[in-house]
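Everything on this sheet refers to the single structure shown next.
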Amino acid sequence: MSVNDVIMDAMIENKVGFVTTVPCKQLAGVIEKIEQSDAMIHVPSNREDEGMGLCAGAFMGGRRPAIIMQNTAIGVTINALATLIQYYRIPLPMLISYRGEIGEPVACQVEMAVHTKALLDRMAIPTYHFHEEEDADELPAILNHAYMARKPVAVLMDAAFWKGY
Amino acid sequence: MIRSDVLKTLIPLISDELVVTNIGLPSQEMHLLDDQPTNFYMLGTMGLASSIGLGLAMAQPKKVIAIDGDGSVLMNLGTLPTIANNQVPNFILLIIDNGSYGSTGDQTTYAGMRTSLADVARACGCDHVVECAAEDTAAAVKDALAAEQTTVIVSKCESGNIKVPVIELDPVMIKERFMASVAG
Ligand SMILES: Cc1ncc(C[n+]2csc(CCOP(=O)(O)OP(=O)(O)O)c2C)c(N)n1
Ligand SMILES: [Mg+2]
């Protein structure tokens, strides 16, 4: 099964009902599957902090939210994470393409990659790093963990995991 | 009329509706004038009131009114195309356009200068955009509540603030009682 199918199945198994996305080349396949799925509402957002607002609203409306984004978005979401998602205790799995890791062809992507884990750590956000394809087997449990704990949780998926960029 | 005058005229209409209120004085004034479990007060996160409101409206069928500010919509201008392209029958965005960053001391915003947020909303593809004078806001909200369509209302009012206490409610309490109202 492709990693995109593993991610989709994990979301469906966890009854994710609302997903917002901002694309990354690595995320194209999974975004296409989300768009086609009847199991969840998909709302593309223009910026990731906007997406976190949408997710907070959807959660209060009774749907389990998730955001799919690139790690370069961590900077623009710090305030939304601290003052909305964490302050009001809203569960939010963040499925993040981890650009700028080994195998990255675009040098500029490395500049946010070197800050990604430090920022997530500073925010005390539980963070999981997928490097091998099998790492995704843990995704259903990670999603469940986010909803149980009512916290944002980050899943960083690097170039090796996607088998290319 | 200033923002708090406009809010007063709305209370009979929106007291029992799901309302998301913007950071700063809009939330504090609503809390002072008519605290309800159906109010979701934003205590921070400038810009995201409309996004929270839209996510909530898309997730469930009850009507949702997001009361936003001109400065906050300018900060999250990307929200207008998202609203325009995801029109649902139960969402109202009410922008209290006092032409200023009222909560921080009435500094003029670009909406108080050359930029028309109603025109921006229309250009983004919002089909039902109403710009009205402050005193006509209640009528516009009443019409929007009766209609089954996404409506963006831009209420042009004067800049100015009343003295209000900060909200001391715990954020998790605000969320929990709001969610109970949504589900109830
Ligand atoms: C990211 C960020 N920048 C600045 C502020 C400070 N701030 C709080 S409220 C506000 C003004 C909001 O203006 P508007 O949305 O027009 O609402 P009004 O108070 O005029 O009703 C500002 C600048 C903030 N809270 N967050
Ligand atoms: Mg204003």
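Just so it is clear, none of the values below were taken in a lab; they were calculated from the coordinates. No experiment lies behind these values; they were computed from the predicted model shown. Cβ: placed from backbone, ideal geometry, glycine included. Neighbour counts: every protein chain shown.
Using 7 Å Cα-to-Cβ label points, what is the B:Thr115/A:His42 separation (nm, one decimal)?
3.1
Can you tell me how segment B:1-82 classifies by the Cα gyration tensor, rounded, prolate or oblate, using a/c under 1.5 as the rounded cut? Mind dumping the intermediate values first?
On the way: a/c = 1.80, a/b = 1.19, b/c = 1.52.
Verdict is oblate for segment B:1-82.
Taking loop as defined by DSSP and a crowding limit of 14 other beta carbons within 10 Å, which trypsin sites (Lys or Arg not before Pro) in segment B:98-176 fit?
Here the trypsin sites (Lys or Arg not before Pro) that fit, given the DSSP loop and packing criteria, are B:Arg114, B:Lys163.
For the pair B:Thr108/B:Asp16, report the inter-label distance in nm, with labels modelled 7 Å from Cα in the Cβ direction.
4.4
From the residues A:Pro152, A:Val6, A:Tyr87, which one has its Cα farthest along the dipole of chain A in the positive direction, the dipole being from +1 and -1 charges on Cβ of Lys/Arg and Asp/Glu about the Cα centre?
A:Tyr87
Work out the FRET efficiency for B:Ile162 and A:Asp121 from their Cβ-Cβ distance, taking R0 = 45 Å, and round it to the nearest 0.05. Each step should come with its number before you reach the end.
Values: r = 43 Å, r/R0 = 0.95.
Once rounded, the FRET efficiency stands at 0.55.
Helix-derived [θ] at 222 nm for chain B: sum -39500 (n - 2.57) over DSSP H runs of at least 4, divide by residue count, nearest 500? Write down the numbers at each step before the final one.
Working: 8 runs with 77 residues, N = 184.
Helix-only estimate at 222 nm: -12000 deg cm²/dmol.
Counting pairs of alpha carbon atoms under 8 Å apart in space and at least six apart in sequence, what relative contact order in percent does chain B give?
Numbers: 364 pairs, mean separation 50.0, N = 184.
Relative contact order here is 27 percent.
Calculate, for A:Ala28 and A:Met148, the FRET efficiency according to 1/(1 + (r/R0)^6) with r their C-beta to C-beta distance and R0 30 Å; round to the nearest 0.05. Mind dumping the intermediate values first?
Numbers: r = 30 Å, r/R0 = 1.01.
The value I calculate is 0.50.
Over segment B:48-128, calculate the relative contact order: mean separation of alpha carbon pairs under 8 Å at least 6 apart, over the residue count, as a percent.
Details: 109 pairs, mean separation 25.7, N = 81.
Computed over segment B:48-128, the figure is 32 percent.
Which ordering of B:Ile162, B:Ile2 is given by a fewest-first count of other beta-carbon atoms within 10 Å? Write out the running numbers ahead of the final one.
On the way: B:Ile162 14, B:Ile2 18.
Ranking B:Ile162, B:Ile2 by Cβ neighbours within 10 Å, fewest first, gives B:Ile162, B:Ile2.
Restricting to DSSP loop positions (anything but H, G, I, E, B) with no more than 12 other Cβ atoms inside 10 Å of their own Cβ, which GluC sites (Glu not before Pro) remain in segment B:145-184? Intermediate results must be reported in sequence, preceding the final value.
Values: sites: B:Glu148, B:Glu158, B:Glu168, B:Glu176; in loops: B:Glu148, B:Glu168.
Those satisfying the criteria are B:Glu148, B:Glu168.
Which pairs break 25 Å Cα to Cα here: A:Lys25/A:Lys151; A:Lys117/A:Lys151; A:Lys25/B:Lys63; B:Lys62/B:Lys142?
Details: A:Lys25/A:Lys151 27 Å; A:Lys117/A:Lys151 17 Å; A:Lys25/B:Lys63 37 Å; B:Lys62/B:Lys142 15 Å.
Where the Cα-Cα span goes over 25 Å, the pairs concerned are A:Lys25/A:Lys151; A:Lys25/B:Lys63.
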